[in-house]
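Please read the structure below before turning to the comments.
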Amino acid sequence: MRIFTKIFVVMAVLSSAAMGAESRAVFAGGCFWGVEAVFENVKGVIDVRSGYSGGARATANYDEVGTGRTKHAEAVEIRFDPARVSYEQLLNIFFVVAHDPTEVNRQGPDVGPQYRSAIFFADESQRRSARAFVDALTAAKAYEMPIATEIVKLAAFYPAEDYHQDYLRHNPADPYIVRHDLPKLAALKIKFPDLVKPGKISKN
């Protein structure tokens, strides 16, 4: 994924989300293992769960979602304190280090609509922020290819099976994790040092 300097100035033109005791964001950006791990290391994030969004409850399981025929995307639900980290800051991390928003129905080696890039907005404020963010990135020509991220209303989020939760933390030596996801954590620490939780970045 190529990141251009212009992407980092986008935050200056966006307003912060309304403050509240706790908010949630739901993003899809390929395999949920790495996306979950990135946001678990962000200050102000209370909890992250891997799961499925976009389809029906009956098909919200790994085997069926893996067929690519359920309308689900592998997604993560992020519960966060908006007084400590804004929705726009989470969007920035999502676009800069968590995934490549220009890939269509895939992410790296993983191919299929279940690996698409998507923002599932919970309310009108999130929709406006996501739309403004994508428009600003497009205007700044931050990427060589068009942004493929879908912006769709969140209908439901279904948690994935237990063995998917905190997968990177429990399996840091998995070859897939080493090749595709640990670099995301390294990029988070380099590109967003002020937003990384204190202490060693969580890899185990």
The alpha-carbon center of the range 54-85 and that of the range 96-123 are separated, in whole Å, by 12 Å
Of the listed values [x] 0.94; [y] 1.01; [z] 1.81, grab the one calculated as Cα Rg over 2.2 N^0.38 Å from the structure here. [x]
How much length, in nm to one decimal, is gained on full extension between Ala186 and Asn171, taken as 0.36 nm per residue of separation minus their Cα-Cα distance? 3.7 nm
Quick check on the chain: helices-only [θ] at 222 nm, where DSSP H runs of length 4 and up contribute -39,500 (n - 2.57) each and the sum goes over total residues. Nearest 500, please. -6500 deg cm²/dmol
Output ordering of 24-32, 161-169 (per-residue mean of other Cβ within 10 Å, highest first) is 24-32, 161-169
Quick check: residue separation of Ala58 and Glu124 times 0.36 nm, minus the Cα distance between them. What number comes out in nm? 21.0 nm
Out-of-range pairs (alpha-carbon distance over 23 Å; input Lys43/Lys184; Lys43/Lys189; Lys71/Lys197; Lys153/Lys189): Lys71/Lys197; Lys153/Lys189
At 15 Å minimum axial length over the Cα atoms and a Kyte-Doolittle cut of -1.0, report the qualifying DSSP H helices in the chain, or say none. 124-139
Among 51-64, 86-99, how do they line up by average Cβ neighbours within 10 Å per residue, starting with the highest? 86-99, 51-64
Rank-order 126-139, 185-198 by packing density, defined as the average count of other C-beta atoms within 10 Å over each peptide's residues, highest first. 126-139, 185-198
Ala155 label point, 7 Å along Cα→Cβ, cut-off 15 Å on backbone N: hits in the range 49-82? 52-61, 65, 69-74
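Any read-out appearing in this document is the output of simple, stated calculations on the displayed coordinates, not a laboratory observation. Nothing here was measured: the structure is a model prediction, and the numbers come from that model. We place every Cβ from the backbone using ideal geometry, glycine too, and count neighbours over all the protein chains shown.
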